[in-house]
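In what follows, a single structure is set out as structure tokens and then discussed.
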Amino acid sequence: MHVINDRLKIKWEKRNNMNREILKNYQKKDDKILLAQILDKIEICANRNKIEHTDFLDLMQIDLVQKFIEKIKIENYMSYGGYENAERKIFVIYPDKFNPEAVAENLSNIVQIIRIELPEDLKGKFTHRDYLGAVIKLGVKREKVGDIIVDNAGADIIIDKDISKFLLENLNGLTRFSKSTIKLEKIGNLRRVEVKKEEREIIVSSLRMDNVISELARCSRNKALDIIKMERVFINFECETKKTKQIKLGDIVTIRGKGRFYIKQIIGQTKSGRFIVKIEKFV
């Protein structure tokens with residue numbers, strides 16, 4: 001038995017060294033730090049035979065980690081944000097002894113909800129920014145907080161379970177929430193995510209990404225190119241920097257700082273050959 005364990009350990013150490021070599025190919029300091037943390041968690045998972053997870057990541061980080069994990073051929077993982085199409089997610093890495101179903105059942109031990117229920121006189125008065133600002137004001141790091149689901153009655157804040165007790169004890173201390181009801185909920189009780197959309201039509205000379213981004217963001221083409229170069233554009237939740245990429249029917253286009261858009265219909269072309277596109281903006 002010891003011989004088998006020693007062989008597995010040697011095999012893992014060799015693989016880990018190879019992964020560290022792959023990491024050297026990344027140029028950006030922040031990317032290297034994040035991916036080094038991923039490798040650390042993979043190593044802990046393998047050595048201690050336990051589930052590990054990251055903090056909440058944004059769209060760019062999710063795309064980076066997803067591609068890196070695929071590159072180093074890790075199979076036992078999942079990403080999770082509390083609901084379908086969540087923008088902020090954690091990555092969960094698990095050992096072979098667990099199957100995906102068992103890991104999914106364990107997610108309530110990792111992620112929870114802080115529910116804020118507003119009094120009648122404050123209903124509808126707070127925005128996503130207000131709720132996030134309140135949490136950050138208490139000294140909570142952004143990476144410990146996932147998406148925030150807001151409606152007139154209040155908000156569900158998806159959080160790392162480690163900070164649940166702290167928020168439960170301190171949110172009522174803020175003036176804006178002093179009369180609100182603050183309670184913990186299991187992630188399975190997340191309030192319904194109602195997706196509101198605004199529909200409009202855009203006209204573009206072609207379906208190249210730079211042309212479409214210019215219209216969606218309502219900016220000049222040069223500004224659109226800057227947005228693309230700054231890695232602020234995601235097509236179907238993957239970062240895209242190729243300005244000539246063709247946008248297709250059904251694509252979900254996310255522009256950081258501008259919103260998320262759904263390409264609903266290619267209506268046709270004008271007499272001059274420009275494309276008429278029906279889009280929906282998530283609001």
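Enumerate the pairs (first residue in the stretch 29-56 and under 15 Å from residue 103 (Cα atoms); second residue anywhere and part of a helix (DSSP H, G or I) and of a type in the set (Lys, Arg)) with beta-carbon separation below 9 Å, excluding pairs fewer than 6 apart on the same chain, so at least 6 apart or on different chains.
Every condition considered, the pairs that remain are 52/41; 53/41; 54/41.
Identify, by number, the condition in (1) modelled with pLDDT of 90 or more; (2) of a type outside the set (Ser, Thr, Tyr); (3) out of contact with any helix residue (DSSP H, G or I) (no Cβ under 6 Å at 6 or more places or on another chain) that residue 102 doesn't meet.
With respect to (1) modelled with pLDDT of 90 or more; (2) of a type outside the set (Ser, Thr, Tyr); (3) out of contact with any helix residue (DSSP H, G or I) (no Cβ under 6 Å at 6 or more places or on another chain), residue 102 is out only on (1).
For the stretch 65-99, what are the residues that are hydrophobic (A, V, I, L, M, F, W, C), surrounded by fewer than 21 Cβ atoms within 10 Å (Cβ to Cβ) and in contact with a helix residue (DSSP H, G or I) (Cβ under 8 Å, 6 or more places away or on another chain)?
Looking only at the stretch 65-99, we keep the residues that are hydrophobic (A, V, I, L, M, F, W, C), and these are 65, 68-69, 72, 74, 78, 86, 90-93, 98.
Still in the running and surrounded by fewer than 21 Cβ atoms within 10 Å (Cβ to Cβ): 68-69, 72, 74, 78, 86, 98.
Scanning the stretch 65-99 gives 68, 69, 72, 74, 78.
How many of the residues in the stretch 13-47 are surrounded by fewer than 11 Cβ atoms within 10 Å (Cβ to Cβ) and either among the polar types (S, T, N, Q) or not assigned by TED's automatic domain parsing to the domain that holds residue 94 (or both)?
Of the residues in the stretch 13-47, 3 are surrounded by fewer than 11 Cβ atoms within 10 Å (Cβ to Cβ) and either among the polar types (S, T, N, Q) or not assigned by TED's automatic domain parsing to the domain that holds residue 94 (or both).
The values are calculated or read from the model by the stated rules, or taken from the named source; none is laboratory data. Since we're looking at a predicted model, the values are computed, not measured. Every residue, glycine among them, receives a Cβ derived from its backbone with ideal geometry; neighbour counts consider all protein chains shown.
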